[in-house]
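The values are calculated or read from the model by the stated rules, or taken from the named source; none is laboratory data. From a predicted model like this one, the values you see are computed outputs, not experimental measurements. Every residue, glycine among them, receives a Cβ derived from its backbone with ideal geometry; neighbour counts consider all protein chains shown. Quick note on the areas: whole protein, heavy atoms, side chains included, nothing else; ligands and nucleic acids left out. Shrake-Rupley method; radii C 1.70, N 1.55, O 1.52, S 1.80 Å.
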Amino acid sequence: MTATSLVGVLGSGQLGRMMALAGYPLGLRFRFLDPSPHAPAAQVAECIEAGFDDPAALRRFAGGLAVVTYEWENVPVTAARALQQFVPVYPPPQALEATQDRLIEKQFFKSLGILTAPFAGVEGPEGLKSALGKIGSPAILKTRRMGYDGKGQVRILSADEAPTAWTSLAGAPCILEGFVNFSRELSVLAVRGQDGHIAFWPLAENLHEGGILRRTIAPAPDVPLELEKQARGFATRIMEALNYVGVLCLEMFQVGEHLLANEMATRVHNSGHWTMEGACTSQFENHLRAVMGMPLGSCEARGASIMINLIGESPPRQTVLSLPGAKLHLYGKEPRPGRKLGHINLHGADLTEAQDQLARLARAIGEPVARYVR
Ligand code: AMP
């Protein structure tokens with residue numbers, strides 16, 4: 001095996017772990033860099049445990065790599081740029097820059113003509129008052145940086161809740177967004193190769209609980225061609241503007257026949273986990289193909305898939321595996337409330353079959369199926 005098949009990944013969570021597991025059959029090897037010990041990817045590949053801001057560690061990490069990519073979008077942009085001196089970095093660091101700050105991200109969408117909820121930057125309690133005056137309530141106040149899975153955000157139902165909302169986010173620079181009364185949440189997953197070719201998986205329908213993704217159905221049911229076109233158009237504009245290489249996910253709200261962009265992930269994404277068994281090529285494999293300059297695989301769906309996230313606790317393995325159609329993916333993490341521990345992919349020739357699988361799973365693990373239905 002040649003040194004050119006070694007892929008460096010910044011971050012070593014479950015996304016990196018699944019990326020490595022998808023890359024081994026392609027003859028790729030992996031090296032991760034992450035400050036945290038006991039990371040999920042460290043169980044399946046070499047992992048350098050060091051800070052992203054440690055120049056010596058970055059040099060050690062880069063030695064012999066064919067390419068650097070990331071599985072966490074909050075990797076410091078300076079680290080990604082420093083690595084570019086030694087090795088190609090994909091997606092390009094400007095993609096990280098565009099997504100790490102929610103205000104910059106929304107302004108970027110707007111500059112591309114992509115619709116969003118009304119928004120305004122908020123610097124202090126007075127700023128919040130005037131932003132609420134402009135946007136109205138209900139609204140959502142979100143920290144500009146480091147928010148994920150519903151963390152770093154608070155709903156404001158009326159203007160008198162503003163002071164409490166501001167204090168609860170500890171005075172961090174924020175963005176205020178109008179509350180969108182959406183009919184459902186959708187995401188578009190796309191991959192762009194080094195030659196500029198873009199391929200799309202079908203739209204996915206997502207259900208969140210407390211800001212955390214609970215379940216995904218793919219292909220999303222009842223999607224008119226026009227809606228799929230809108231979503232693909234948004235993703236294309238973003239990828240072309242950033243000269244993007246790799247997988248990108250755009251999360252959106254459907255309102256009537258229109259889509260509003262909520263946020264993008266410049267990496268593989270939880271709402272794309274169904275592709276592991278539900279598509280000809282998984283998001284993890286196609287991300288690697290793209291960053292390595294290999295031809296992209298087909299993104300076509302095989303039948304219908306439902307992905308269920310295991311959050312905080314996971315049902316007994318025996319119970320899940322007693323359902324022949326259920327595919328269990330555990331991330332090797334210790335249970336903790338609110339933590340993503342794994343997911344289950346269910347599959348059927350069509351949506352009715354996949355829903356039957358879901359009903360059987362819900363019965364087996366003793367949960368109401370209603371939890372997973374919009
Ligand atoms: P985010 O961290 O921005 O991805 O938000 C997490 C979840 O909160 C989303 O998937 C939605 O379910 C909900 N959410 C976020 N922003 C809005 C908004 N402006 N209006 C309504 N719901 C929202």
Residue selected from segment 36-76 under the condition part of a helix (DSSP H, G or I) and surrounded by 15 or more Cβ atoms within 10 Å (Cβ to Cβ), by the criterion farthest from the chain's Cα centre (by Cα):
Ala57
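Scan Arg232, Arg267 and give me the residue that is open to solvent by 20 Å² or more (accessible area, probe 1.4 Å), part of a helix (DSSP H, G or I) and either of a type outside the set (Asp, Glu) or in contact with a helix residue (DSSP H, G or I) (Cβ under 9 Å, 6 or more places away or on another chain) (or both).
Values: Arg267 fails: part of a helix (DSSP H, G or I).
Residue meeting the stated conditions: Arg232.
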Please go through (1) closer than 23 Å to Leu248 by Cα; (2) surrounded by 15 or more Cβ atoms within 10 Å (Cβ to Cβ); (3) not aromatic (Phe, Trp, Tyr) for His197 and return the number of the only condition it doesn't satisfy.
(2)
Of the conditions (1) of a type in the set (A, V, I, L, M, F, W, C); (2) under 24 Å from Ala290 (Cα atoms); (3) crowded, with 23+ Cβ neighbours inside 10 Å, the single one that Leu213 does not satisfy is (2)
Unmet requirement for Ile306, which otherwise passes all of (1) open to solvent by 30 Å² or more (accessible area, probe 1.4 Å); (2) at pLDDT 95 or above; (3) hydrophobic (A, V, I, L, M, F, W, C)
(1)
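Only strands (runs of 3 or more DSSP E) wholly contained in segment 94-158 count here; list those with 3 or more residues that are open to solvent by less than 20 Å² (accessible area, probe 1.4 Å) and within 11 Å of the ligand (Cβ to nearest atom).
Numbers: elements: 119-122, 139-143, 153-156.
So the answer is 139-143.
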Can you find a residue that is open to solvent by less than 20 Å² (accessible area, probe 1.4 Å), away from the ligand (no atom under 11 Å from the Cβ), at pLDDT below 95 and farther than 22 Å from Thr99 by Cα anywhere in segment 163-179?
yes
Do any residues in segment 223-250 that are without any contact (Cβ under 8 Å) to a residue 12 or more places away in the chain have Cβ atoms under 9 Å from those of residues that are small (Gly, Ala, Ser) and assigned to a helix (DSSP H, G or I), where the two are at least six apart or on different chains, and which pairs are they?
none
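Name the residues in segment 180-194 that are assigned to a loop (DSSP other than H, G, I, E, B), open to solvent by 10 Å² or more (accessible area, probe 1.4 Å) and either within 30 Å of Arg289 (Cα to Cα) or touching an Asp or Glu at 6+ places or on another chain (Cβ under 6 Å) (or both), would you? Break it down stepwise before answering.
Looking only at segment 180-194, we keep the residues that are assigned to a loop (DSSP other than H, G, I, E, B), and these are 180-183, 193-194.
Add one more test, that the residue is open to solvent by 10 Å² or more (accessible area, probe 1.4 Å), and what stays is 180-183, 194.
Correct list: Gln194 only.
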